[in-house]
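Taken together, the values in this text are just the output of simple stated rules run on the coordinates, not laboratory data. Computed from a predicted model, the values in this text were never measured in an experiment. Every residue, glycine as well, gets a Cβ built from its backbone with ideal geometry; the counts of neighbours run over all protein chains shown.
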Amino acid sequence: MIPAAFDYHRPGTLDEAVKLLSSYGDQGKVLSGGMSLLPSLKLRLGSYAHLVDIGRIPGLDYIKEEGGFLRIGALTRQSTLERSDLIRTKYPILADAVSLIADPLVRNRGTLGGNIANGDPGNDQPAIALAVGATLVARGPKGERSIAANQFYKGLYETALARNEILTEIRIPLPAARSGGAYAKLKRKTGDFAVAAAAVQLTLNAKGAVDRAGIALTNAALTPVEASDAAKFLIGKMPDDKTIAEAAKLAAAKSAPGADRRGSVEYKKDMARVMVTRALRKAVQRAGGK
Amino acid sequence: MAKHKISVTINGAVREAEIESRLLLVHLIREDFRMTGTHIGCDTSHCGACTVILDGNPVKSCTVLAVQADGAKITTVEGLEQGGKLHPVQEGFHEKHGLQCGFCTPGMLMTTSALLERNKNPSEQEIREAISGNLCRCTGYVNIVKAVQYAAEKMR
Amino acid sequence: MSEPRTDAKICGMGHSMKRKEDPRFIRGQGRYIDDHVLPGMLYMDIVRSPYAHAKIKKIDTSKALKIPGVLAVIDGPTLAKYNLHWMPTLSSDTQMVLPIDEVMYQAQEVCAVIATERYIAADGVDAVEVEYEPLPVMVDPFKSLAPGAPILRKDKKDKKDNLAFHWEAGDKADTDRALAASDVVVSENIYLPRIHVASMETCGCIADFDTAQGKLTVYMTTQAPHAVRTVLALVAGHVGLSEEKIRIVSPDIGGGFGGKVPVYPGYVIAIAASVVIGKPVKWIEDRMENLQADSFARDYHMKVELGAKKDGTMTSLKIKTVADHGYTNASANPSKFPAGLFSICTGSYDLKHAFCEVDAAYTHKPPGGVAYRCSFRVTEAAHAIERATDALAQKLNMDPAELRMKNFIKPEQFPYKSVLGWEYDSGNYAGALKKAMETIGYDALRKEQAEKRKKGELMGIGICSFTEIVGAGPSKQFDILGIKMFDSAEIRVHPTGKAMARFGTKSQGQGHETTYAQIVAEELGIPAAHVQVEEGDTDTAPYGLGTYASRSTPTSGAACALAARKIRDKAKKIAAHLLEVSENDLEWEPGKFSVKGAPQKSKTIQECAFAAYTNHPQGMEAGLEATHYYDPPNLTFPFGSYICVVDIDRGTGDVKVRRFVAIDDCGNIINPMIVQGQIHGGLNQGLAPALYEEISYDDEGNISGGSFLDYYVPTSLESPSWETGHTVTPSPHHPFGAKGVGESATVGAPPAIANAVVDALRHLGVTHLDIPITPEKVWQVLKNKGVAE
């Protein structure tokens, strides 16, 4: 319950933060909301000699549509997302998920950036980033660079970010007409990570067939899982029950979870199928389909 | 490891302390400031017994470093009663038997007082959602909901 | 007793008096153990074994002792110098305080670090290096009891097996015959897994040995402070602890539910540390320690057979249980009842033949057994009979309510002697079930279920009609470590008419400061607001066995009434003296004696109190006080009927409790608001094991469910809106007709919920599901039956 000792730094700018991280190497760690890092430090699972708190760096807390994208600052709190009318009305995939993340108290501290950059397959927003085809913007010693979501997740707690890079923004393409998204999550109780969860974002054409689809799974492997076969399968087809069921089967086949208290491998894989099914149905409905 | 000088405004009073980086906010409150109304009920940030208001939002003070709260405005359960007058949520919990052992109660009071600032007329579902980060073993939650509804009515 | 006899000012029984303890709790001014700070206080933290069974090869404390502020590391050999490395358990087994060379469960205490600050003690624990040699692990109680199994308790010289105890009740041969002669027999294997009560406050203490005075004060999370004091004196008398110089203070306790009855090694180590160092030592366990090492509950493997005639008349019940007790029997059961009150398993039914037996096995797990609001194994007994009853209804294709009505013990049969030896004091089971059915709209629900079933929708209705057994207990049968289970009340009325009342029980949230005051108000007419109630300090409270197993109202509550009546008797003499009449000329109404036929000639209880110190009759002792030690003539038998409605998600197997109606009968009610609160809380702690909570171990003895990450405590969103009601069937032997009630809901809720889920799947041929009924368990059934979404 008591963390091991560490040094704490609170840089006032991104450049300062990057400089500090560069000097500390693998002994340095970014502290954002702290809702993932602090619990692990309290259990003494992993230790860092230096915490670099980016929480007071100005200009990283915003939600705005600009230049063809929804742009969310990495330090935007989950509760801010939850209360945003823009998110609720135009980005239901995010709205669905955010109120299912942990509990309201945690959401008052946890940030979108932390959820995305943590590299924990149990976090919800990585799968959403994959499903919507998000771009992650990072600042490092060489300046800013953009990373596609499907290039971002490398392994358990391992992302494309270098030790001295900080995620600054999440960019989501503005939804085209006749788009819909949804996030379906099954959990054992409030506050727990997903037994299985699915993020779906799709666009229908004028005839009502699927024009574009993104499907991704949470807590289904060591990284968020992009169900590209399932997404490809949907293109050009009318999203009726039979098609949805087939797509869900294909998506679940990509699920490779571990067994734990939340369920056996068999159950979790089948629940991935059920969650994809439900998310697809909802996304289609929101896109103006049946 | 260097120590940090911090200053917080807690229940309206400015307090200073010189502390280790790793000191948890809940320990700053309980041990350095000797305000023991905020409780510790777990070690994995689940139970919410440690809930305080930090810059207007209820948070789990066991999962905040005291250094992160430097310069912040904090309200604990000891700060709810003003000028000898109980906060409506405190009254509500007493009127509606919303507490038994009292251990989760300060956390519940902070979370629900913050809820009523934002939402003057919460439904039962909204109350249950708001307190879903605060565990209680004694009351079965029914009377806590009633306590908050009582307080909401009083505040309207 | 429907309308209160006293007015709102006096606030005796039947009033929903707002709680007198609330003012400090709502202000955050409660005084829980960790809130106490003593001058010079040190902190203790414990190094625990990661292995379920291992030899300790070496403990290297050198790094730890180098940390500034770490003062000492206490290990088994240190305690062995004082013969304190082993201690007796409350069940007369023995338990390690700290091991010498072998650990027997994962998270067992290995050594303790004493430091000047909490954070330093934690660093000290991290710096202690222990070398273990893992040994074979026994986690299966059946394998443990099988012939030829390796002996776990090598410390017991002549032990040739792993049987902690065998206990039975009833006539086996007779029951076997009756079962064989039955038209129909249902047989189910029912496993109630380990669970942990996880009260919001964990356990802890501050041990403070005053070297100059030779006095030990222990502030402690304990539900039974006097028992602890006596046990300490017996166990540590040889190191100079003498009972008149031991003080146990149980201050505000953040929930007990049985988890704060056992004497955990942490307390004893802290006491030893304080005695040796001469400074106060604080030990507060964290949540993971609490879940992983403190007393568990349940872990009963039951084979239940229920026989009946084809018309549904139950004839015979047989239960064979294997109990997993961990490595030692440290459960806090009355000594003659190592399986608690399990023989209440005939429940609410007029069963003429019954037999139950329990074999307790040692395994490499933490010890315990009755620490989750279980009423001494009544949760297990009720689950067995109520699940079996539903299974019987299913086999006979009978409505489960109808089957119960047919078999209930009838009101005219009370006091009812059960075939397993209990004399139920009173009951009206049909009345409670009828009320539950009316409240929930049972017939309409069955219609709805039938229609939904046609559409393939899964909805279930579950009933539980339990009989509880509380108030341990009569001295003939009940003792813990030889100490009889009476309880006590000491009431003192001051000259100005206010009163002080102290008890041998100890509230952990049950509202004793209010309810006991209401009893005094009822008996003496002194306003409850003027009665100061105290518990928990052994220096001042009369001797008692504490609060658990719903015993306070049946024992100390009774003592309170009887002590108050002694006071009233003396006050009557004083009144007669003041009014210059004979006692026979006086009549009593709450708070006042008046002369028969001349009511204007009266003396209030307050006037009598004042006179007790200023104008008492010659030859009478001054003062107005009384103490009573109550030996209950029998236990009390609260009961209830619960009905639960569930809807099942055919895709995920998730179970949603749509409605839950609880009708309880605890006899005469002291404070309806507090009773209802107890029911709400108990229902939530019944929902928890029914659908969410479970502690299990893999083959190496590694725990699953050892933190709130995977021990699923229900939040406000998992918990439904409980609907409660009551009937009142007083206890004929209790001084004011009351029964206990604190654990009724944890007894009644799990079977009701389990029955509801099985009912939802009954048409698919499902007869039983073990709790917790996880969505995966249901999904497995749906898949097997081909009806999953």
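Worth a mention:
- Scanning residues 5 or more positions from C:G28 or on other chains, none has an amide H under 5 Å from its amide H, with H placed 1.01 Å from N in the peptide plane.
- Secondary structure note: in segment C:469-558, about 60% of the DSSP beta bridges are antiparallel.
- In order along segment C:192-205, the Karplus-derived 3J(HN,Hα) couplings, from 6.51 cos²θ - 1.76 cosθ + 1.60 at θ = phi - 60°, round to 9, x, 4, 9, 9, 6, 6, 4, 5, 9, 7, 7, x, 7 Hz, and Gly and Pro are given as x.
- Computed from phi, the 3J(HN,Hα) profile of segment B:39-51 under the Karplus parametrisation 6.51, -1.76, 1.60 (θ = phi - 60°) reads 10, 10, x, 7, 10, 10, 6, 9, 7, x, 5, 9, 4 Hz, with x in place of Gly and Pro.
- By the compact-protein rule of thumb, 2.2 N^0.38 Å, the alpha-carbon radius of gyration of segment A:147-233 corresponds to a ratio of 1.27.
- Relative to the longest principal axis of the Cα atoms of chain A, helix A:265-286 runs at roughly 70 degrees.
- Beta bridges from DSSP with both residues in chain C: antiparallel share about 80 percent, rounded to the nearest 5.
- Rounded to 5, percent antiparallel among DSSP beta bridges of segment B:4-79: 90
- Rg and Dmax over the alpha-carbon atoms of segment C:283-412 stand at 17.3, 60 Å.
- In this structure, the amide hydrogen of A:T168, modeled 1.01 Å from its nitrogen in the peptide plane, lies closer than 5 angstrom to those of A:V137, A:A138, A:R139, counting only residues at least 5 positions away or on a different chain.
- Above-threshold pairs, the threshold being 28 Å between Cα atoms, out of C:K160/C:K303; A:K42/B:K3; A:K42/C:K154; C:K57/C:K215; C:K309/C:K656; C:K172/C:K435: A:K42/C:K154; C:K57/C:K215; C:K309/C:K656; C:K172/C:K435
- Panel values: segment A:63-173, Kirkwood radius from alpha carbon pairs, Stokes-Einstein at 4 °C and 1.567 mPa s, translational diffusion coefficient 93 µm²/s.
- 10 Å binning of all Cα-Cα separations within segment B:88-155, expressed as whole percents from 0 upward: 25, 64, 12
- Alpha-carbon Debye profile of segment C:280-354, log10 I(q)/I(0) at 0.13, 0.14, 0.23 Å⁻¹: -0.60, -0.66, -1.12
- Amide H to amide H, with H built 1.01 Å from N, A:D7 comes under 5 Å of A:H50, A:L51, counting only residues 5 or more places away or on other chains.
- Using alpha carbons only: equivalent-ellipsoid semi-axes of the protein assembly as shown, gyration tensor based, whole Å: 50, 37, 32
- Couplings 3J(HN,Hα) for segment B:98-104, derived from phi with the Karplus relation 6.51 cos²θ - 1.76 cosθ + 1.60 (θ = phi - 60°), are x, 8, 10, 7, x, 6, 7 Hz, where x marks Gly and Pro.
- If you run the Gaussian network model on chain A, springs between alpha carbon atoms under 10 Å, then out of A:K232, A:K187, A:K42 the most flexible one is A:K42.
- Where labels lie 7 Å past Cα in the beta-carbon direction, separation of A:R178 and A:A49 in nm: 6.0
- The convex hull built on the alpha-carbon positions of chain A has an orientation-averaged projected area of 14.4 nm².
- In terms of its Cα atoms, segment A:197-290 spans 44, 19, 18 Å along the principal axes, sorted from long to short.
- In a DSSP loop and with at most 14 other Cβ atoms within 10 Å, there are no GluC sites (Glu not before Pro) in segment C:393-424.
- Helix A:241-253 axis versus longest C-alpha principal axis of chain A: approximately 40°, rounded to the nearest ten.
- The distance linking segment C:455-519 with segment C:17-91 is 30 Å (Cα centroid to Cα centroid, whole angstrom).
- Of the residues A:R188, B:R34, C:R568, A:R56, the one with the fewest other Cβ atoms within 10 Å heads the list, and the complete ranking is B:R34, A:R56, C:R568, A:R188.
- Centre-to-centre, using Cα atoms only, segment C:132-171 and segment C:705-777 are separated by 32 Å.
- Fewest-first sequence of C:Y613, A:Y267, C:Y543, C:Y642 by Cβ atoms within 10 Å of each Cβ: C:Y613, C:Y543, A:Y267, C:Y642
- Tensor-based shape of chain C (alpha-carbon gyration tensor, a/c under 1.5 rounded, otherwise prolate or oblate): oblate
- Orientation-averaged projection of segment A:7-51 equals 3.1 nm² [convex hull of Cα atoms, one quarter of hull surface area].
- Residue exposure sequence - C:K336, C:K435 - by fewest surrounding Cβ within 10 Å: C:K336, C:K435
- Segment A:164-230 and segment A:253-290 have Cα centres separated by 11 Å.
- Viscosity 1.567 mPa s, temperature 4 °C, Stokes-Einstein D of segment C:523-676 from Kirkwood C-alpha radius, µm²/s: 67
- When the alpha-carbon atoms of segment C:430-538 are used, the pair Rg, Dmax equals 23.5, 74 angstrom.
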